[in-house]
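Chemist: First, the structure itself, so that you have it in front of you.
The values are calculated or read from the model by the stated rules, or taken from the named source; none is laboratory data. What you are looking at is a predicted structure, and each value in this text was computed from that prediction instead of being measured. So basically every Cβ, Gly included, is an ideal-geometry build from the backbone, and we count neighbours across all protein chains shown. Just so you know, the surface numbers come from the protein's heavy atoms only, side chains and all, with ligands and any DNA or RNA stripped out. Shrake-Rupley method; radii C 1.70, N 1.55, O 1.52, S 1.80 Å.
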Amino acid sequence: MLGYGLLPDGAMRPELVERLQAGCVQALLAPSSPVILTGGNARNGVTEAQAMGDWFVLHGISANRIHLEQDAQSTVDNADNSAAIIREIGARDAVVVTSADHIARAVRTFIEAGVDVVGTVTPEQVPRFEWLYQAMTHR
């Protein structure tokens, strides 16, 4: 899951929360899969990955599944640094979660980094399935 710039106080922008919601659905549908959260760009001492990780844990995703990549400053960094984690943990492929206007570039960049990927987009680009999200996070 790719980060999105935080506000100066370290809070998440709505776009990032939408990415998190899409990523959470993916994580819930594949409960044994690792979750890689990538993004540096610290604001007020908080990286994008750290903010995302806190949100995921708060929404029921086990911290044991989460891998934080906190150094990326660009999409290329996201892909290269995540590819290293993917190889390290022995994964074979990945689902990239980002915004619709970013998905083609993100998928291409991950493929160039040597990762077999498919992409998924944030909820504003697909039908909202709040009932599924609510049902799966409140088991």
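Chemist: Considering only the chain, what is the antiparallel percent among its DSSP beta bridges, to the nearest 5?
Modeler: 10 percent
Chemist: Treating the beta-carbon of each Lys and Arg as +1 and of each Asp and Glu as -1, no other charges, what is the dipole magnitude of the chain about its Cα centre, to the nearest 20 debye?
Modeler: Values: 10 positive and 16 negative charges, 65 e Å.
It works out to roughly 320 debye.
Chemist: A further question follows. Which whole-number percent gives the relative contact order of the range 1-71, counting Cα pairs below 8 Å spaced six or more residues apart?
Modeler: Dividing the mean separation by the residue count of the range 1-71 yields 37 percent.
Chemist: Could you list which residues have their amide H under 5 Å from that of ILE36, counting only those 5 or more apart in sequence or on another chain, with H placed in the peptide plane?
Modeler: Placed amide hydrogens put HIS67 under 5 Å from ILE36.
Chemist: Still on this model: In the neighborhood of ILE85, defined by Cβ-to-Cβ distances under 14 Å, what is the net charge if each Lys or Arg adds +1 and each Asp or Glu adds -1? The partial results should precede the final answer.
Modeler: Values: positive: ARG65, ARG87, ARG92; negative: GLU69, ASP71, ASP77, ASP80, GLU88, ASP93.
The answer is -3.
Chemist: Using a Förster radius of 41 Å, what is the FRET efficiency between ALA100 and ALA42 based on their Cβ-Cβ separation? Nearest 0.05, please.
Modeler: On the way: r = 26 Å, r/R0 = 0.64.
Efficiency, rounded to the nearest 0.05: 0.95.
Chemist: Got a sec? Which residues in the range 12-28 would a label at ILE85 touch, if it sits 7 Å along Cα→Cβ and we count backbone N under 20 Å?
Modeler: 12-13, 15-28
Chemist: Can you give the relative contact order of the chain as a percent, counting alpha carbon pairs under 8 Å and 6+ residues apart? Don't skip to the end; give the middle numbers.
Modeler: Values: 228 pairs, mean separation 35.5, N = 139.
It comes to 26 percent, rounded to a whole number.
Chemist: Can you give me the % of accessible surface on the chain that is carbon or sulfur? Probe 1.4 Å, all protein chains present, nothing else counted.
Modeler: In the chain, the share of accessible area belonging to carbon and sulfur is 52 percent.
Chemist: Which whole-number value in Å² is the accessible area per residue of the chain, probe 1.4 Å?
Modeler: 53 Å²
Chemist: At q = 0.11, 0.21 Å⁻¹, what log₁₀ I(q)/I(0) does a Debye calculation on the Cα points of the chain give, no solvent, two decimals?
Modeler: Here log10 of I(q) over I(0) equals -0.35, -1.38.
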